[in-house]
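None of the figures in this text is laboratory data; all of them are computed from the coordinates on show. Computed from a predicted model, the values in this text were never measured in an experiment. For neighbour counting, all protein chains shown are included, and Cβ atoms are generated from backbone atoms with ideal geometry for every residue, glycine included.
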Amino acid sequence: MKIKICGLICERDASYINDNDIDYAGVVLFYPKSKRNVTIDKAKSIIESIDKAKTVAVVVSPSVEQVIEIENAGFDYIQIHGELSEDILNKTNIPIFKAFNVNDMDKYDVYNKCSRIKAYVFDAQEPGSGKTFSWDILNDIEKSDKMFVLAGGLSIENVSKAIEYVKPDCVDISTGVEFDDGTPGKNPEKIRLFTEEVRGCQIF
């Protein structure tokens, strides 16, 4: 079971990724509505601080120019919420994680034959809100060769149940490993506990 920690905002957050041998590290870009949004220069500094985890630029309906900036920054993947245009598909050189936010699930089959898309991320209607969604809507999703990533309101308390019920290839968390008092950045103890909980799950 792979683990993705999303919404890193500083080099200290990156060190927690290294300490826990996390598989994927997400950084939000070009989306000022998010409290986790960082500049491209800050993102470069964060990903340069990561040892082994694959880095994922998380964006919403990006322009070609923004995608080029992300590629030049050195990210391994780009995770796209919202619109994914043909122009982006044709001009993107790094692999894509296509995110679905519950209300756009009808577009799932459109991307199944696209080799540039390496993973599907199933998230809540408000990504980054820490809210869950009904996992039942994933029952009819036919698994493919693309990585199946479950996000949306995961926590130390519910991730074992989520893994047992949905059986994803990867779990993705952001709010659930942050400080309860609103302190910016990730909580290293929560990351440790979440990681232990995921790796302790038995998948049959």
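Run the quick spin-label model on residue 61 and residue 201: label points 7 Å from Cα toward the beta carbon, then report their separation in nm to one decimal.
Calculated label separation equals 3.2 nm.
Could you tell me the center-to-center distance, by alpha carbons, between the stretch 29-97 and the stretch 143-204 in angstrom?
With the stretch 29-97 and the stretch 143-204 each reduced to a Cα centre, they are spaced 22 Å.
How long is the gain from residue 134 to residue 35 if the chain were fully straight, where each residue apart is worth 0.36 nm and the alpha carbon distance is subtracted? Kindly include the intermediate steps, with their values, before the conclusion.
Working: separation 99, 0.36 × 99 = 35.64 nm, distance 2.50 nm.
Extra length from residue 134 to residue 35 when fully extended: 33.1 nm.
In what sequence, highest mean first, do 18-24, 89-95 appear when ranked by Cβ atoms within 10 angstrom?
On the way: 18-24: 16.7, 89-95: 13.9.
Going by the mean number of other Cβ atoms within 10 Å, highest first, we get 18-24, 89-95.
Please give the peptides 189-198, 171-180 ranked by average Cβ packing (other Cβ atoms within 10 Å per residue), highest first, as a rough proxy for protection. Walk me through the intermediate numbers first.
Details: 189-198: 17.7, 171-180: 21.0.
Per-residue Cβ counts within 10 Å, averaged per peptide and sorted highest first, yield 171-180, 189-198.
In straight Cα distance, which lysines are under 25 Å from residue 146, not counting same-chain residues fewer than 8 positions off?
The reachable lysines, counting only those whose Cα sits under 25 Å from residue 146, are 2, 4, 52, 54, 91, 98, 107, 113, 118, 131, 161, 167.
How would you rank 113-122, 53-62, highest first, on the average number of other Cβ atoms within 10 Å across their residues? Don't skip to the answer; put the middle values down first.
Numbers: 113-122: 17.8, 53-62: 22.9.
Highest to lowest by the protection proxy: 53-62, 113-122.
What FRET efficiency, computed as 1/(1 + (r/R0)^6) with R0 = 25 Å and r the Cβ-Cβ distance, is obtained for residue 142 and residue 93, rounded to the nearest 0.05? List each step's numbers first, then the result.
On the way: r = 28 Å, r/R0 = 1.13.
Efficiency for this residue pair is about 0.30.
Give me the percent of DSSP beta bridges within the chain that run antiparallel, rounded to the nearest 5.
Values: 1 of 33 bridges.
DSSP beta bridges in the chain are roughly 5 percent antiparallel.
If the chain between residue 175 and residue 193 were fully stretched, how many nm would it gain, using 0.36 nm times the residue separation less the Cα-Cα distance? Walk me through the numbers on the way to the answer.
Working: separation 18, 0.36 × 18 = 6.48 nm, distance 1.41 nm.
That works out to 5.1 nm of additional length.
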